[in-house]
Amino acid sequence: MSNFPISEIRKDFPILETKINKNDLVYFDNAATTQKPQSVIDSLSNYYKSFNSNIHRGVHQLAEKATEEFESTRETAKSFINASSTNEIIFTRGATEGINLVAASYCKNFLKKGDEIIISEMEHHSNIVPWQMVAKENDLVIKTIKVTGKGELDMEHFKSLLNENTKFVSIVYISNTLGTINPVKELVNISNNAGAKVLVDAAQATSHKNVDVKDLNCDFFVFSAHKMYGPTGVGILYGKEKILEKMPPYMGGGEMIKDVSFEDTTYNTLPYKFEAGTPNIGDVIGFKKAIEYLNDLGRQNIYKYEKEIRDHAWKELKKIDRIKLVGTSDSKIGIFSFYVEGFHYYDLGLFLDAKGIAIRTGHHCTQPLMDKMNLDGTARVSLAMYNTYEEINYFIDELKKIISK
Ligand SMILES: Cc1ncc(COP(=O)(O)O)c(C=O)c1O
């Protein structure tokens, strides 16, 4: 067992003290959203208490302080993903908005009738529907990479889909349903060689492992703060500067302009060109604290500890005959989707909730993947770095009791 400071970490997350039906809360719904450390919570209230102000256009001291703090998150996020410049860091509402922005700005303007976009069978709806929308409007074609029985991308099938019409590939880094860590670096390399741009949906990656956009060499990369211990309503779209430069704005309004007249409008420079309107200032400022929290712990250390508890949960789940696990790649994080013959996943979720254990049930916004596996849903446990061996043992015991009834 590593010497990960788990007791200290748990003290930083006040919600973990919560009782549900007199039981300690066991929060295993981290792929949906993670809990927030005190430093993030304090940062939000501090902003509203001490320097709430709009940014970028004020000369007074509150506006200056708010602007400075807001922009300092951009700097921190740039280093976090190893981008080359803060011009490549666009604040969004989350991963979903980042994907929509690229579909509506890049694909709508730079792809032409008959061009092909490749996604995969394991995508979240956020990485399916925006492409369908842009494809419908612009006569583009969507192709999907098959997923194997273990829940991995079929790379041979992927290669067979590539042709001179392939212009865009959008792929999930870590599947929110299967937990599979996809070989995105290889995918980017193959796609770029075939002349296609690549977006990486890293919504489930940034809290669990080191991410490095230069190393991946992807063209776009999206993620959400709330899945990495930060506030809701904030995310980041990374794009290579030379590509973002060419892309037209996604929304019009204040902040994204240089000059406006009724005859013509010129647009602001990067990154502001893509940030119309007053942004989510307080939450962006809080996001910095979440990144700092991860940096202080060290993502290598987090990855190592999470792998240990993943292995433990996996080993224990495998011992229960009636549990059918969905997604058994060796390259996976602690996300376990499963079902039990004769038990509805919804009932499992309710029974566990009565014991204080929060899991997710349903299709996890991956309906096409469920269809492919002939399921309409699963129960899903998703672990985070504040989860413990004791919590896993308690869950396994309660699960055994429930399914033996
Ligand atoms: C893999 C994946 N992509 C995209 C999203 C969308 O993230 P958000 O709702 O924060 O925009 C999620 C959310 O669950 C996800 O798991």
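Candidates LYS318, LYS332, LYS304, LYS288: the one that is of a type in the set (Lys, Arg) and without any contact (Cβ under 8 Å) to a residue 40 or more places away in the chain is LYS318.
Candidates are the residues of segment 33-47 that are surrounded by 15 or more Cβ atoms within 10 Å (Cβ to Cβ) and outside any loop (DSSP other than H, G, I, E, B); the one that is nearest to the ligand (Cβ to nearest atom) is VAL40. For segment 194-220, the tally of residues that are buried (at least 21 other Cβ atoms within 10 Å of the Cβ) and among the basic types (Lys, Arg) stands at 1. Candidates are the residues of segment 196-222 that are among the hydrophobic types (A, V, I, L, M, F, W, C) and within 18 Å of MET385 (Cα to Cα); the one that is farthest from the ligand (Cβ to nearest atom) is VAL211.
If you go through segment 1-32 and keep only what is closer than 18 Å to TYR303 by Cα, open to solvent by 40 Å² or more (accessible area, probe 1.4 Å) and part of a loop (DSSP other than H, G, I, E, B), you end up with MET1, ASN3, PRO5.
Among the residues of segment 161-182, those that are in a strand (DSSP E or B) and buried (at least 24 other Cβ atoms within 10 Å of the Cβ) comprise PHE168, VAL169, SER170, ILE171, VAL172, ILE174, THR180.
Remark: ASN52 matches the filter, which requires a residue to be surrounded by fewer than 19 Cβ atoms within 10 Å (Cβ to Cβ) and in contact (Cβ under 8 Å) with a residue 40 or more places away in the chain.
Looking for whichever is within 16 Å of the ligand (Cβ to nearest atom), among the aliphatic types (A, V, I, L, M), under 24 Å from ILE181 (Cβ atoms) and open to solvent by less than 50 Å² (accessible area, probe 1.4 Å) here; the options are ILE90, ILE99. Which one fits?
Exactly one of ILE90, ILE99 is within 16 Å of the ligand (Cβ to nearest atom), among the aliphatic types (A, V, I, L, M), under 24 Å from ILE181 (Cβ atoms) and open to solvent by less than 50 Å² (accessible area, probe 1.4 Å), namely ILE99.
Scanning segment 102-121 for residues that are of a type in the set (Ser, Thr, Tyr) and either free of Cβ contacts under 8 Å to residues at least 40 places away in the same chain or within 16 Å of the ligand (Cβ to nearest atom) (or both) yields a single hit, SER120. Taking each residue of segment 129-142 that is assigned by TED's automatic domain parsing to the domain that holds ILE119 and looking for partners that are open to solvent by less than 60 Å² (accessible area, probe 1.4 Å) and part of a loop (DSSP other than H, G, I, E, B) with beta-carbon atoms closer than 7 Å, six or more apart or interchain, yields VAL134/LEU140; ASN138/LEU111; ASP139/GLY114; LEU140/LEU111; LEU140/ASP115; VAL141/GLY114.
Only a single item in (1) crowded, with 23+ Cβ neighbours inside 10 Å; (2) within 24 Å of SER160 (Cα to Cα); (3) of a type outside the set (Phe, Trp, Tyr) is not met by LYS113, and it is number (1).
It is to be established whether one or more residues within segment 125-145 are within 16 Å of the ligand (Cβ to nearest atom), closer than 25 Å to LEU101 by Cβ, assigned to a helix (DSSP H, G or I) and among the small types (Gly, Ala, Ser).
Looking for residues that are within 16 Å of the ligand (Cβ to nearest atom), closer than 25 Å to LEU101 by Cβ, assigned to a helix (DSSP H, G or I) and among the small types (Gly, Ala, Ser), one finds at least one in segment 125-145, hence yes.
Within segment 108-123, being closer than 27 Å to MET251 by Cβ and assigned to a loop (DSSP other than H, G, I, E, B) holds for LEU111, LYS112, LYS113, ASP115, GLU123. When we screen LYS78, LYS11 for residues that are within 30 Å of HIS125 (Cα to Cα) and either out of contact with any His (no Cβ under 8 Å at 6 or more places or on another chain) or more than 16 Å from the ligand (Cβ to nearest atom) (or both), the only hit is LYS78. Suppose we filter GLY362, GLY349, GLY342, GLY356 for residues that are of a type in the set (Gly, Ala, Ser), in contact (Cβ under 8 Å) with a residue 40 or more places away in the chain, over 30 Å from GLU75 (Cβ atoms) and assigned by TED's automatic domain parsing to the domain that holds GLU398; which single one remains? None of the other options fit; the residue is GLY356. Restricted to strands (runs of 3 or more DSSP E) entirely inside segment 313-390, those with at least 2 residues that are in contact with a strand residue (DSSP E or B) (Cβ under 6 Å, 6 or more places away or on another chain) and surrounded by fewer than 20 Cβ atoms within 10 Å (Cβ to Cβ) are 323-326.
List pairs: first in segment 63-79 and open to solvent by less than 50 Å² (accessible area, probe 1.4 Å), second small (Gly, Ala, Ser), Cβ under 6 Å, 6+ apart or cross-chain? Going by the 6 Å Cβ cut-off, the qualifying pairs are ALA63/SER53; ALA66/SER53.
Checking the stated criteria, LYS143 turns out not to satisfy the condition of being among the basic types (Lys, Arg) and under 22 Å from ASP215 (Cβ atoms).
The values are calculated or read from the model by the stated rules, or taken from the named source; none is laboratory data. It should be emphasised that the depicted structure is a prediction, and the values quoted were computed from it without experimental measurement. Ideal geometry is used to build each Cβ from the backbone, glycine not excepted, and the neighbour counts take in all protein chains shown. Surface areas here come from the heavy atoms of the whole protein model, side chains and all, with no ligands, DNA or RNA. Shrake-Rupley method; radii C 1.70, N 1.55, O 1.52, S 1.80 Å.
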